[in-house]
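Worksheet for the structure shown next.
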Amino acid sequence: MPPVGPERTAALRAASRAQEAATRADLERLVRIPSVSAPAFDQRHVAASAEAVAALLRDAGLPEVRVVRVTGEGATGAPAVIARRPAPAGRPTVLLYAHHDVQPPGEAAAWASPPFEPAERDGRLFGRGAADDKAGVMVHVGALRTLLPLWGPDDGVGVTVFVEGEEEIGSPTFAAFLAEHREALAADAIVVADSANWRTGVPAVTTTLRGLVDCEVRVDVLSHAVHSGVNGGPVLDALTTLCRLVATLHDEHGDVAVAGLHRGVAAELPPGTELTEEQFRADAGVLPGVRLAGTGELTSRLWTRPALSVIGLDATDVAHASNTLVPSARAKLSLRIAPGQEPPAAMAALRRHLEEHAPFGARVTVTEGEQGQAFAADTSSPAHDVARAAFAEAFGAAVVEMGMGGSIPFVADLAAVYPGAAILVTGVEDPDSRAHGADESLHLADFASACLGEVLLLDGLAATAPTTTAAPTGAAT
């Protein structure tokens, strides 16, 4: 390889381009594996997906590849893949993260083409996991396919690839996995390829993530169902009562009304990249005439303030309804919390609000669920400088440092275990990717740019100094 400079960049660009067809073909093969990690689905597909990823990493040239599981909190985790290239002397180690499990496909009728049959339309590849996050897996594979044949034994960086198999169910054994494989996963920089870009053609690095707590709230008003005409009036049915309780969670402006939740202010975006209401409405598919909820800057409402939603409801369905007062109703609530908020405190605040606002003395039972930590990155590291330059070169546009309203709780876990590591949250999604929804898709030109960006990033990180975070060269895994 030529020395760092335009000639080297051109050579890496050409080498990355030469891998594009094979990388896309292998992505399509991964999408065809229905690796849904939710317990109701066949977990043999998740195991097959892990083996397929391991094979890809072996073929890319990594000398150490294994499929591993961990037992934590009484449950066996989904199969994950760890692959490793030890760092040359004096070079840093980079951990590359992605996940190979996917969300359930939902109703097949909502898809324009079968969810596990990849299909190209208008420059996008459609399929469950095409964006979230099998594209992330293949960005890592494609970058390594490009670089490893070009690097000699004393060139480049140490690489550890960690491809998880249970991210879409909240990474329930991640803490146990991290404890068991702490030394094997140690790194100077961590690249998490599970987020999004600012726009099609405009790269981004995610600098903040909201945390998460969720719960089920059950409302009971009667010991059994009774005639709605004979008894209606003095008694409100449980569903109406639950609706009144849920309505207390937001004020008249649509801001979350739960006392004790932290509210932050998002950093200003560079001129020319501001998020307009018009753009947000188009990206989110907000119907005409529906007003946006909340007050303050739109980016703060999305990234650094709490958001509270009803994501599930148990009640009699319309087709089977009878003229009775429903005695019990249940809802699942999802609360996204701002960076700076501790999940246990947020959960306690939500529980307190629900219990104190019980309508007409109804019996309210709160069952706590998942909790995940928010994250805020230190973007002043040399690794972030390299990343900004690499992705700007690959996309031909300046990198936007943005927040993300979603949650990736394990990122905070990684930051806690490896405090000296620079954490770079990158991704291949865009506002129209529809991750988790029907017709999930990947913009193929951006996918090629993301692969090149990671090539330039890894090659550029070879010039940065290692920290004391990474395991010593040659340490046992």
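The values are calculated or read from the model by the stated rules, or taken from the named source; none is laboratory data. Owing to the predicted nature of the structure, the values given are computational and were not obtained by experimental measurement. Glycine gets a Cβ as well: all are built from the backbone with ideal geometry, and neighbour counts include every protein chain shown. Ligands, DNA and RNA are stripped out before the accessible areas are found, and what is left, the full protein with its side chains, is counted by its heavy atoms. Shrake-Rupley method; radii C 1.70, N 1.55, O 1.52, S 1.80 Å.
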Selected residue (only one of Ala78, Ala119, Ala109 is free of Cβ contacts under 8 Å to residues at least 24 places away in the same chain, of a type in the set (A, V, I, L, M, F, W, C) and touching a Ser or Thr at 6+ places or on another chain (Cβ under 6 Å)): Ala119
Just checking, how many residues over the range 131-163 are without any contact (Cβ under 8 Å) to a residue 24 or more places away in the chain and buried (at least 24 other Cβ atoms within 10 Å of the Cβ)? 0
Are there any pairs with C-beta distances below 7 angstrom linking a residue in the range 386-411 that is of a type in the set (Ser, Thr, Tyr) to a residue that is open to solvent by 30 Å² or more (accessible area, probe 1.4 Å), with the two at least 6 apart or on different chains, and if so which? Ser407/Arg336
Just checking, does the range 274-294 include any residue being over 30 Å from Leu222 (Cα atoms) and among the hydroxyl-bearing types (Ser, Thr, Tyr)? yes
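Condition check ((1) in contact with a Lys or Arg (Cβ under 8 Å, 6 or more places away or on another chain); (2) over 21 Å from Arg363 (Cβ atoms); (3) hydroxyl-bearing (Ser, Thr, Tyr)) across all residues:
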| position | (1), (2), (3) |
| --- | --- |
| Val221 | yes, no, no |
| Val226 | no, no, no |
| Leu242 | yes, no, no |
| Leu245 | no, no, no |
| His253 | no, yes, no |
| His262 | no, yes, no |
| Val265 | no, yes, no |
| Leu269 | no, yes, no |
From the list Val246, Val310, exactly one residue is in contact (Cβ under 8 Å) with a residue 40 or more places away in the chain, under 21 Å from Ala348 (Cβ atoms), out of contact with any His (no Cβ under 7 Å at 6 or more places or on another chain) and part of a helix (DSSP H, G or I). Which is it? Val246
Looking across the range 405-459 at residues that are outside any helix (DSSP H, G or I) and among the hydroxyl-bearing types (Ser, Thr, Tyr), the single one that is farthest from Ile337 (Cα to Cα) is Ser441
By residue number, the members of the range 24-48 that are in contact with a Phe, Trp or Tyr (Cβ under 7 Å, 6 or more places away or on another chain) and open to solvent by 30 Å² or more (accessible area, probe 1.4 Å) are Arg32, Pro34
Might you check whether a residue that is under 21 Å from Thr160 (Cα atoms) and crowded, with 24+ Cβ neighbours inside 10 Å occurs anywhere in the range 101-122? yes
Looking at the range 95-184, what strands (runs of 3 or more DSSP E) fall wholly within it and have at least 2 residues that are under 18 Å from Ser407 (Cα atoms) and out of contact with any strand residue (DSSP E or B) (no Cβ under 7 Å at 6 or more places or on another chain)? none
For Pro63, indicate whether it is over 20 Å from Ile33 (Cα atoms), open to solvent by 20 Å² or more (accessible area, probe 1.4 Å) and free of Cβ contacts under 8 Å to residues at least 24 places away in the same chain. yes
If I ask for residues that are surrounded by fewer than 17 Cβ atoms within 10 Å (Cβ to Cβ) and among the hydroxyl-bearing types (Ser, Thr, Tyr), which ones from the range 291-317 would you list? Thr295, Ser309, Thr316
Please go through the range 430-443 and pick out each residue that is open to solvent by less than 30 Å² (accessible area, probe 1.4 Å) and either among the acidic types (Asp, Glu) or more than 25 Å from Ala38 (Cα to Cα) (or both). Asp430, Asp439, Glu440
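Per-residue answers, yes or no, for (1) acidic (Asp, Glu); (2) touching a helix residue (DSSP H, G or I) at 6+ places or on another chain (Cβ under 6 Å); (3) at pLDDT below 95:
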| residue | (1), (2), (3) |
| --- | --- |
| Leu27 | no, yes, no |
| Ser49 | no, no, no |
| Val67 | no, yes, no |
| Gly74 | no, no, yes |
Could you tell me which residue of the range 255-302 is nearest to Phe375 (Cα to Cα), considering only residues that are part of a helix (DSSP H, G or I) and of a type in the set (Gly, Ala, Ser)? Ser300
Which one is farthest from Ala14 (Cα to Cα), of the residues in the range 346-404 that are more than 26 Å from the chain's Cα centre (by Cα) and either among the small types (Gly, Ala, Ser) or in a loop (DSSP other than H, G, I, E, B) (or both)? Gly361
Would you mind telling me which numbered condition in (1) more than 22 Å from Arg352 (Cα to Cα); (2) open to solvent by 70 Å² or more (accessible area, probe 1.4 Å); (3) at pLDDT 95 or above Ala267 fails? (3)
Considering only the range 318-360, state which residues are open to solvent by 70 Å² or more (accessible area, probe 1.4 Å) and either under 18 Å from Leu236 (Cα atoms) or without any contact (Cβ under 8 Å) to a residue 60 or more places away in the chain (or both). Val318, Ala319, His320, Ser322, Asn323, Arg330, Glu342, Pro344, Glu355, Glu356, His357, Phe360
